[in-house]
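So the structure is just underneath, and the comments pick up after that.
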Amino acid sequence: MTAAPAAALQADGVEVWLGRRAKSRILHGVGLTARSGEIVGLIGETGSGKTTLARAIVGLAPLHAGTVRVDGTPVDGLRGAALRRFRRSGRVQYVFQDPLRSLDPDVTVLDSVVEGLAIRGDGKAADRRARAVAALEQVGLDPALGDRLPGRLSGGQRQRVAIARALAVDPRVLLLDEPVSALDAANRNHVLRVLDRLRHEREVAIVMISHDLGSLAGIADRVVVLYRGEVVEEGPAARVLLEPEHPYTQRLVTSVPSIDGPRRPLITEGVHV
Ligand SMILES: Nc1ncnc2c1ncn2[C@@H]1O[C@H](COP(=O)(O)OP(=O)(O)OP(=O)(O)O)[C@@H](O)[C@H]1O
């Protein structure tokens, strides 16, 4: 019998302390795993530590303890040139909650995606442009929008540009912080369909932080529940969202107006590109 391949992302025992003078422990030994092609929902109330966990995974928040592995290789202890090489490799991509933070307001959409490839040192300039156009098409954006500045796009379009920029470098792991919460229903559904397609086509592991449990019910395979910096429950999306076991998850789920059920079809009409 051959061993199962390592998860694309495996974080174990992640502990993070933050604060300038008086530091407080924000994460208390958190574990998070995502396999290729899997979408994992990360939920929890405001301040539970979701963003901090994503930042710790990409090396933006210091790890006090714990490990982060990508395809089985530890990446948390990387320093100096090794860390720069890992960052440049683009194997883990983090898309901020506000896509404007991921995008330079003075750089056109296409150049912004090209720039992500250039940082990685991928291919010749002409190849990078072709790959950037392909990435925009993959997220359902008309490449004609490539000449626009981010400020002249809708929120949904900007979110897709940020995802295209992250995807262009062929990541193994994509961390998305509230990718759909600020979007209207049509744009939300479009972004969700794009993610669902990409995990199959690109076999990327996706961790999706979201307050929008209805969206997660439609797309996530597994859900991890964070409460005050600890994982209190995790399991298949259907089980966690429809039959939560932990009282905290029960409160979280019942505070949402309606979850129609996992794997409900994503709405397809009214798409704005
Ligand atoms: N730089 C920092 N210094 C000190 N405390 C911080 C810092 N960043 C975050 N925190 C604290 O860490 C805790 C977790 O914050 P975090 O942003 O990870 O939560 P979250 O679950 O992502 O919340 P939200 O859903 O509102 O985005 C909060 O109590 C927050 O105040």
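The values are calculated or read from the model by the stated rules, or taken from the named source; none is laboratory data. Note that the structure is a prediction, hence the values are computed from the model and not measured. A quick note on method: Cβ atoms are made from the backbone with ideal geometry, for glycine too, and the neighbour counts reach across all protein chains shown.
Out of the residues in the stretch 198-208 that are of a type outside the set (Asp, Glu) and surrounded by fewer than 24 Cβ atoms within 10 Å (Cβ to Cβ), which is nearest to VAL253 (Cα to Cα)?
By that ranking, first place goes to ARG199.
Restricting to the stretch 140-161, name every residue that is assigned to a helix (DSSP H, G or I), of a type in the set (A, V, I, L, M) and in contact with a helix residue (DSSP H, G or I) (Cβ under 8 Å, 6 or more places away or on another chain).
The answer is LEU145, VAL161.
From the list LEU100, LEU53, pick out the single residue that is surrounded by 14 or more Cβ atoms within 10 Å (Cβ to Cβ), touching a residue at least 40 places away in the same chain (Cβ under 8 Å) and under 25 Å from VAL253 (Cα atoms).
None of the others qualify; the one that does is LEU53.
This table checks each residue for (1) under 21 Å from ASP177 (Cβ atoms); (2) among the β-branched types (Val, Ile, Thr); (3) outside the structural domain of GLU178 (by TED's automatic domain parsing).
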| site | (1), (2), (3) |
| --- | --- |
| GLY37 | yes, no, no |
| LEU42 | yes, no, no |
| VAL75 | yes, yes, no |
| GLY80 | no, no, no |
| ARG87 | yes, no, no |
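Going by what's in this entry, would ALA220 be described as crowded, with 24+ Cβ neighbours inside 10 Å, in contact (Cβ under 8 Å) with a residue 60 or more places away in the chain and in contact with a Ser or Thr (Cβ under 8 Å, 6 or more places away or on another chain)?
Answer is no for this residue.
What's the total number of residues in the stretch 14-35 that are more than 8 Å from the ligand (Cβ to nearest atom) and at positive phi?
Count: 1.
Conditions tested, residue by residue: (1) farther than 19 Å from GLY41 by Cβ; (2) modelled with pLDDT of 90 or more.
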residue: GLY140; (1), (2): yes, no
residue: ARG148; (1), (2): yes, yes
residue: SER154; (1), (2): yes, no
residue: ARG160; (1), (2): yes, no
residue: ARG165; (1), (2): yes, yes
residue: VAL180; (1), (2): no, no
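Given the conditions (1) within 30 Å of LEU117 (Cβ to Cβ); (2) assigned by TED's automatic domain parsing to the domain that holds GLY72; (3) more than 16 Å from the ligand (Cβ to nearest atom); (4) touching a helix residue (DSSP H, G or I) at 6+ places or on another chain (Cβ under 6 Å), report the number of the one that ASN189 does not fulfil.
It fails just one condition, (4).
Pairs please, first residue from the stretch 12-33 and in a strand (DSSP E or B), second anywhere and among the acidic types (Asp, Glu) and more than 8 Å from the ligand (Cβ to nearest atom), Cβ atoms under 7 Å, 6+ apart in sequence or on different chains.
Taking only residues 6 or more apart or on different chains, the pairs are ARG25/GLU15; LEU27/GLU15; HIS28/GLU15; HIS28/GLU230; GLY29/GLU15; VAL30/GLU230; GLY31/ASP12.
I'd like the full set of residues that are near the ligand (Cβ under 9 Å from one of its atoms), surrounded by 24 or more Cβ atoms within 10 Å (Cβ to Cβ) and among the small types (Gly, Ala, Ser), limited to the stretch 36-49.
Listed by number, the list holds a single entry, GLY49.
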